[in-house]
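*Asks:* To start, I am sharing the structure in question, which I have written as structure tokens.
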Amino acid sequence: QVQLVESGGGLVQAGGSLRLSCAASGRIFSIDTMGWYRQAPGKQRELVARITSGGSTNYAGFVKGRFTISRDNAKNTMYLQMNSLKPEDTAVYYCNLNRVGPVEYGMDYWGKGTLVTVSS
């Protein structure tokens, strides 16, 4: 019922910046929570940042103030501004949508991911 498409990934040098976008379509509700996760080769998928419809945010510790998550509910689009990128940020970044209700409470939807590669 929900389709998520990430874009904006690519190859950047350490210290550079990148802006990821996630376009949501289908049965979307503005109250749904959205977030960014990432997965490096051989590692578990981990939370990068989450944002509620009201703008409340939650960041992983490794972000250290370098990343900023935002969303435009009118456009059903979420963004991740990534600054001061490090080689360890290299991963596939996934867009996530989590139902908070009333429809499909607790259900998670995922995009196919966009690859971010940071060279040293």
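*Asks:* Just flag the trypsin sites (Lys or Arg not before Pro) in region 13-49 sitting in loop per DSSP whose Cβ has no more than 11 other Cβ atoms within 10 Å.
*Replies:* Taking region 13-49 and a limit of 11 other Cβ atoms within 10 Å, the loop trypsin sites (Lys or Arg not before Pro) found are K43.
*Asks:* Please work out the average accessible area per residue across the chain, using the 1.4 Å probe convention, and give it in Å².
*Replies:* 51
*Asks:* Summing Lys, Arg as +1 and Asp, Glu as -1, what charge do residues with Cβ under 12 Å from the Cβ of D32 carry, D32 excluded?
*Replies:* That works out to +2.
*Asks:* Shifting gears a bit: Among Q13, N96, M34, whose Cα projects farthest towards the positive end of the dipole of the chain, with charges put on the beta-carbon of Lys, Arg (+1) and Asp, Glu (-1)?
*Replies:* Result: Q13.
*Asks:* Follow-up question, since we're still on this one. For the chain, which whole-number percentage of the solvent-accessible area (1.4 Å probe, protein heavy atoms only) is attributable to carbon and sulfur atoms?
*Replies:* 49
*Asks:* Something else about it: Where Lys and Arg each count +1 and Asp and Glu each count -1, what net charge lies around M82 among other residues with Cβ under 11 Å from its Cβ?
*Replies:* Local net charge: +3.
*Asks:* If the only charges are +1 at each Lys and Arg Cβ and -1 at each Asp and Glu Cβ, what is the size of the charge dipole of region 21-120 around the Cα centre, to the nearest 20 debye?
*Replies:* I would put it at about 120 debye.
The values are calculated or read from the model by the stated rules, or taken from the named source; none is laboratory data. Predicted, not measured: the structure shown is a model, and the values here were computed from it. Heads up, the Cβs are rebuilt from the backbone with ideal geometry, glycines too, and the neighbour counts pull from every protein chain shown. Heads up: the accessible areas ignore ligands, DNA and RNA and are worked out on the full protein's heavy atoms, side chains in. Shrake-Rupley method; radii C 1.70, N 1.55, O 1.52, S 1.80 Å.
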